[in-house]
1. Name, by its number, the condition in (1) open to solvent by 40 Å² or more (accessible area, probe 1.4 Å); (2) away from the ligand (no atom under 14 Å from the Cβ); (3) free of Cβ contacts under 8 Å to residues at least 24 places away in the same chain; (4) more than 29 Å from V19 (Cβ to Cβ) that does not hold for S166.
2. Residues that are without any contact (Cβ under 8 Å) to a residue 40 or more places away in the chain, at least 1 per element: which helices (runs of 4 or more DSSP H) completely within region 171-281 meet that?
3. Residues to consider are N158, N116, N122; find the one that is open to solvent by 50 Å² or more (accessible area, probe 1.4 Å) and touching a strand residue (DSSP E or B) at 6+ places or on another chain (Cβ under 9 Å).
4. Restricting attention to region 95-113, which residues are more than 12 Å from the ligand (Cβ to nearest atom) and either part of a helix (DSSP H, G or I) or open to solvent by less than 40 Å² (accessible area, probe 1.4 Å) (or both)?
5. Looking for something within 15 Å of I4 (Cα to Cα) and among the polar types (S, T, N, Q) - is there at least one such residue anywhere in region 192-200?
6. Criterion first (touching a His at 6+ places or on another chain (Cβ under 6 Å), within 23 Å of L140 (Cβ to Cβ) and either within 11 Å of the ligand (Cβ to nearest atom) or among the basic types (K, R) (or both)) does K92 satisfy it?
7. Hey, among A75, A88, which residue is part of a helix (DSSP H, G or I) and in contact (Cβ under 8 Å) with a residue 24 or more places away in the chain?
8. Name the residue that is farthest from N64 (Cα to Cα), counting only residues in region 239-254 that are in contact with a strand residue (DSSP E or B) (Cβ under 6 Å, 6 or more places away or on another chain) and surrounded by 15 or more Cβ atoms within 10 Å (Cβ to Cβ).
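The values are calculated or read from the model by the stated rules, or taken from the named source; none is laboratory data. Quantities reported herein were computed from a predicted structural model and do not represent experimental measurements. In this analysis, Cβ positions are derived from the backbone assuming ideal geometry, glycine residues included, and neighbour counts consider all displayed protein chains. Just the protein is used for accessible areas: all its heavy atoms, side chains included, with ligands, DNA and RNA removed. Shrake-Rupley method; radii C 1.70, N 1.55, O 1.52, S 1.80 Å.
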Amino acid sequence: MAAILITGAHGQLGNELKVVSKNFYGYDYIFTDIDTLDLTNPKQTEDFIKRNRPDWIINCAAYNLVDKAESEPEAAMLVNGTAVKNIADVIKGSECRFIHISSDYVYDGLSNVPYNENSVPNPVSAYGRSKLAGEKYALLHHGSMIIRTSWLYSSFGNNFVKTILSHAREKESLKVVYDQVGTPTYAADLAGAIMKIVSGVIRNQFALNAGIYNYSNEGVCSWYDFAEEIIHLAGLACQVNPVLSKEYQTAAKRPAFSVMDKNKIKDNYGIQIPNWRTSLAKCMKLLK
Ligand SMILES: NC(=O)c1ccc[n+]([C@@H]2O[C@H](COP(=O)([O-])OP(=O)(O)OC[C@H]3O[C@@H](n4cnc5c(N)ncnc54)[C@H](OP(=O)(O)O)[C@@H]3O)[C@@H](O)[C@H]2O)c1
């Protein structure tokens, strides 16, 4: 029975993998988070992996505080970079498959056409630089697949959807930036895509082609459009006012455009990706 280790399992994607894994039975799942496996500890990471001998590792652990990372870049690098090296060091040269999750924030946002996996990364924030470092460490192992995702949300954990809902319930109006354009990703969809790939490879439906892949929902929007749709679906009356990023200062710079081309993951693994509005509606039903 294939053993699948999922790290960072208390987070949004980790929790969605717990849900989705129930539809993919016959595997031995090991869910961990910092309380059971602190990936920044190389000895603990080595001991855990050697003891449990997973066939697959899906790394959902991360430091995701994009603004805070500007003042504590070492903390971001430790979880998003060094911890990934700790995993890669243990499995390097082995048959263990490694799926590591990265971010659209490795892109600089200067493009006006969707980024594909051959686009040269050029992060504009400490968080983005730490995620790019993690990719490079993951690729030290020959069996690594990196999935870059964007604007992740879920019914689990904290995210933009929940923040907008809570503000919209308390305020008459909100200001949201409209000059940052990308695509939201429902973590449940990403979890489903990951398990489709894992189970397809285990059942020899297709081979795992190591390397970098983009995954988000389909479609394009600004954070303003995203907020509008959340409030509309929730049936709230709060007015959303568009503002420019320069009028809404944050510690970290964010890419102005981070729409990703997903053809590689769709073509290689037959993944069908829902439109962001359809998936947001599904998540909102769970939140009601
Ligand atoms: N969230 C987004 O908008 C977004 C966008 C693009 C890409 N991504 C990427 O997508 C992946 C999944 O994100 P997510 O939103 O599901 O993350 P999340 O909800 O923040 O979950 C990450 C989990 O990792 C845990 N963790 C932190 N340090 C750890 C350590 N040293 N050892 C083991 N576990 C540790 C966290 O615990 P604590 O909560 O206790 O720290 C948390 O439970 C990440 O790689 C992330 O960078 C996320």
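1. The single condition S166 does not satisfy is (4).
2. 223-234, 263-269
3. N116
4. Selection gives C96, F98, D108, G109, S111.
5. Yes: region 192-200 contains one or more residues that are within 15 Å of I4 (Cα to Cα) and among the polar types (S, T, N, Q).
6. Yes; evaluated as a whole, the condition is true for this residue.
7. A88
8. Filtering region 239-254 for residues that are in contact with a strand residue (DSSP E or B) (Cβ under 6 Å, 6 or more places away or on another chain) and surrounded by 15 or more Cβ atoms within 10 Å (Cβ to Cβ), the one farthest from N64 (Cα to Cα) comes out as V240.
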